[in-house]
Amino acid sequence: MDVLRLALILVLAAAPGTLACSFGFTDINGECLEFHPELLVPWQDAVTYCQNGTQTVLASVKNADTLRDVYTYILTYGLTGSFWLGASDLELEGDWSWLDGTRVDRGTPFWAIHTGLFGWDHEPNGGTDQNCLALDSERLYYFNDADCSSLFHPICME
Ligand SMILES: [Ca+2]
C-alpha cells in the first residue's frame with residue numbers, strides 16, 4: 001500500500017459521514033448541506049441557484065438537532081450574515097411551507113422570539129412584507145421571516 005492510499009484511508013476514516021455527501025457538501029445530522037457565504041442574493045435567486053442543473057434545493061431544516069448542528073457549523077467556521085432556507089408563505093400568507101410542500105413547524109425550537117403586545121411572542125410577524133425564511137444572524141440563527149428581496153447567503157441541500 002502506497003503512502004497516498006494510506007493517507008486517503010486515514011482522511012476518510014477521520015471524517016465519518018462525509019462519504020454520504022457529494023463533494024462540497026457537509027453531512028450535518030444526516031443532511032448534506034452546502035453553505036454559500038460567498039453569495040449574497042434575494043430568496044428567489046437562492047432557490048434558482050440551488051436548483052441549477054443538479055439534484056439540489058435550497059435547504060430545509062426540519063428537526064431541532066439539525067438546526068443546532070447548523071448553528072454549531074456556522075459558529076465553528078466563523079460564518080457571518082443570515083442564510084436563506086427553502087420555505088416561504090408566498091403562496092398563502094401565514095401558511096409557511098418548505099419547497100417540497102410540507103409544513104414548516106411553528107414555535108420553539110425553530111422560530112426566534114420577539115416582544116409582542118402581550119409579552120414574548122414567536123416570529124413570524126412580518127405579514128405580507130416578510131414572506132421568506134431566513135436563519136437570522138441577528139437572532140442567534142433562529143428562523144425569522146424576512147423580506148424576500150433581502151440579500152442573504154444560500155444553503156443548498158442534496
Ligand atoms: Ca408573510
Checklist outcome for this item: Spelling it out for TRP96: with amide H atoms placed in the peptide plane at 1.01 Å from N, the residues 5 or more places away or on another chain with amide H under 5 Å from its amide H are VAL104
Next on the checklist: Between PHE23 and SER149, what is the label-point separation in nm under the 7 Å Cα-to-beta-carbon projection?
Outcome noted: 3.9
Checklist entry - Residue separation times 0.36 nm, minus the C-alpha to C-alpha distance between THR54 and LEU140: what's the value? => result 27.9 nm
Checklist outcome for this item: Non-local residues with an amide H under 5 Å from the amide H of TRP111, with H modelled 1.01 Å from N and Pro and chain starts lacking one, are PHE143
Checklist entry - Okay, helix-only estimate at 222 nm for the chain: each DSSP H run of n ≥ 4 adds -39500 (n - 2.57), divide by all residues, round to 500 deg cm²/dmol; what do you get? => result -6500 deg cm²/dmol
Checklist entry - Mind checking which of TRP43, TRP120, TRP84 has the largest fluctuation in a GNM of the chain, springs on alpha carbons under 10 Å? => result TRP120
Next on the checklist: Given R₀ = 22 Å, what would the calculated FRET efficiency be for LEU79 paired with THR128, taking r from the Cβ atoms and rounding to 0.05?
Outcome noted: 0.15
Checklist outcome for this item: Across all Cα atoms of the chain, Rg and the largest Cα-Cα distance (Dmax), in Å, are 17.2, 69
Checklist entry - What relative contact order, as a whole-number percentage, does the chain give when Cα pairs under 8 Å and 6 or more residues apart are counted? => result 31
Item to check | FRET efficiency for ASP121 and ASN63, using Cβ-Cβ distance with R0 set to 22 Å, rounded to 0.05 | outcome: 0.45
Checklist entry - Within region 122-158, whose backbone N sits under 11 Å from a point 7 Å along Cα→Cβ of LEU90? => result 131-133, 148-149
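None of the figures in this text is laboratory data; all of them are computed from the coordinates on show. Model, not experiment: these values are computed from the prediction. Glycine also receives a Cβ, built like all others from the backbone with ideal geometry; neighbour counts cover every protein chain displayed.
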